[in-house]
Amino acid sequence: DQKHLTFESRLAAAAAQPVAHALLALMASKKTNLCVAADVTTSRELLSLADQVGPHICLLKTHVDILEDFTPDTVDKLKTLAEKHNFLLFEDRKFGDIGSTVARQYGGGLYATAEWAHLVTAHGLPGDGVIKGLMSAAGGRLRGCILVAQMSSEGALTSQGYAEGCIRMAASHRSFVAGFVSQSRVTSDPGFILMTPGVQINKTGDDLGQQASYVSPRAAVLERGADVIIVGRGVTKAEDPAAAAQTYKEEAYAAYTERITQ
Ligand code: 5IU
């Protein structure tokens with residue numbers, strides 16, 4: 001079964017997507033499949049958090065539109081930290097408009113996301129024009145997108161048919177789609193990377209619809225098919241975010257090791 005494949009053995013299947021390929025190689029060499037969701041409101045907190053958790057993560061997921069003081073300098077410093085600690089930048093923008101609009105949102109505007117984010121999230125809802133639009137704005141840069149196939153929040157409208165539609169859309173745009181945000185093993189295609197949010201140790205859901213109960217890193221990897229776990233408040237609200245990131249990293253990577261030897 002494909003789920004037993006190591007990250008290294010999936011490199012060939014991901015060869016069409018440079019960021020997926022780089023991420024699989026990075027996860028294997030750095031021994032981490034942890035993505036930290038850095039949902040903080042100031043550049044100072046963002047950069048401090050990135051520097052603290054950097055040694056333990058493969059991806060830093062941002063929502064730069066939460067920052068109250070965003071400037072291009074924030075991005076320059078984030079890029080430096082990404083190089084220093086060897087992680088990739090992942091802006092969770094969830095693009096969801098027609099192709100020509102997302103091309104302008106991604107390539108320009110205040111955040112010029114295509115300039116710095118290796119990966120961005122997008123909804124499949126608009127049809128594959130959303131992918132074509134992002135591709136057009138990425139230009140020659142090594143960029144990719146992650147399609148939101150399923151959401152972790154209660155009452156999400158991402159039905160099974162919707163998720164299947166996202167998988168089909170991705171399969172016809174392999175040069176740009178690196179994987180999916182999912183809550184279950186939506187595909188067994190080894191070229192796509194599955195990322196699962198709604199993960200926390202010792203915690204039930206929040207009161208704003210994050211799923212009724214978070215799942216553990218181990219359950220995310222072994223029961224929900226996650227290649228990468230996405231952890232926000234479990235790390236960012238911890239007294240020692242670096243120590244928390246290390247704990248999440250170790251638990252998630254141990255679960256991955258268990259999965260490939262099952
Ligand atoms: N996020 C989800 N669920 C989803 C998707 C994205 O929680 O289905 I798509 C984002 C929201 C937040 C992070 O940035 O992942 C999870 O943060 P917490 O671990 O703090 O709940």
Given (1) closer than 22 Å to L59 by Cα; (2) within 16 Å of the ligand (Cβ to nearest atom); (3) surrounded by fewer than 24 Cβ atoms within 10 Å (Cβ to Cβ); (4) of a type in the set (A, V, I, L, M, F, W, C), F176 misses just (2)
On the basis of being away from the ligand (no atom under 16 Å from the Cβ), modelled with pLDDT of 95 or more and surrounded by 18 or more Cβ atoms within 10 Å (Cβ to Cβ), does T6 make the cut? no
Taking region 231-243 and the residues there that are in contact (Cβ under 8 Å) with a residue 12 or more places away in the chain and in contact with a helix residue (DSSP H, G or I) (Cβ under 7 Å, 6 or more places away or on another chain), the one that is nearest to G54 (Cα to Cα) would be A242
Note: among Y214, Y248, Y253, just one is out of contact with any Gly (no Cβ under 7 Å at 6 or more places or on another chain) and buried (at least 17 other Cβ atoms within 10 Å of the Cβ), namely Y253
Any residue that is under 15 Å from the mean Cα position of the chain (by Cα) and over 25 Å from H173 (Cα atoms) - is there at least one of those in region 9-27?
no
From the option list Y248, Y214, single residue qualifying as touching a Leu at 6+ places or on another chain (Cβ under 6 Å) and within 12 Å of the ligand (Cβ to nearest atom) is Y248
- Message: Quick check on E258: is it touching a residue at least 24 places away in the same chain (Cβ under 8 Å), within 14 Å of the ligand (Cβ to nearest atom), surrounded by fewer than 22 Cβ atoms within 10 Å (Cβ to Cβ) and among the acidic types (D, E)?
- Response: no
Do we find a residue being within 16 Å of the ligand (Cβ to nearest atom), β-branched (V, I, T) and not in a loop (DSSP other than H, G, I, E, B) anywhere in region 67-90?
no
Exercise. Considering every residue within region 181-198, establish whether at least one is touching a residue at least 24 places away in the same chain (Cβ under 8 Å), part of a helix (DSSP H, G or I) and closer than 26 Å to A15 by Cβ.
Key: no
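So that you can scan it fast, the table gives a plain yes or no per residue for (1) charged (D, E, K, R); (2) at negative phi:
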{"site": "A25", "(1), (2)": "no, yes"}
{"site": "C35", "(1), (2)": "no, yes"}
{"site": "S48", "(1), (2)": "no, yes"}
{"site": "T71", "(1), (2)": "no, yes"}
{"site": "N86", "(1), (2)": "no, no"}
{"site": "D92", "(1), (2)": "yes, yes"}
The correct count of residues that are out of contact with any Lys or Arg (no Cβ under 9 Å at 6 or more places or on another chain), among the hydroxyl-bearing types (S, T, Y) and surrounded by 18 or more Cβ atoms within 10 Å (Cβ to Cβ) in region 78-113 is 0
Counting only helices (runs of 4 or more DSSP H) entirely within region 214-262, those with at least 3 residues that are more than 21 Å from S188 (Cα to Cα) are 233-236, 241-260
Conditions (1) away from the ligand (no atom under 12 Å from the Cβ); (2) among the aliphatic types (A, V, I, L, M); (3) touching a strand residue (DSSP E or B) at 6+ places or on another chain (Cβ under 7 Å); (4) within 22 Å of R104 (Cβ to Cβ) -> M135 fails only (3)
Over region 121-136, the set of residues surrounded by fewer than 23 Cβ atoms within 10 Å (Cβ to Cβ) and either without any contact (Cβ under 8 Å) to a residue 40 or more places away in the chain or outside any strand (DSSP E or B) (or both) is H123, L125, P126, G127, D128, G129, K132, M135, S136
Condition set within 12 Å of L34 (Cβ to Cβ) and more than 11 Å from the ligand (Cβ to nearest atom), scope region 221-240, selection surrounded by the most Cβ atoms within 10 Å (Cβ to Cβ): answer is A226
Scanning region 9-45 residue by residue, those in a loop (DSSP other than H, G, I, E, B), of a type in the set (A, V, I, L, M) and buried (at least 19 other Cβ atoms within 10 Å of the Cβ) turn out to be A14, V40
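The values are calculated or read from the model by the stated rules, or taken from the named source; none is laboratory data. Bear in mind the structure is a predicted one, so any value in this text is a computation, not a measurement. Counting neighbours? That spans all protein chains shown, and the Cβs are built from the backbone with ideal geometry, glycine included.
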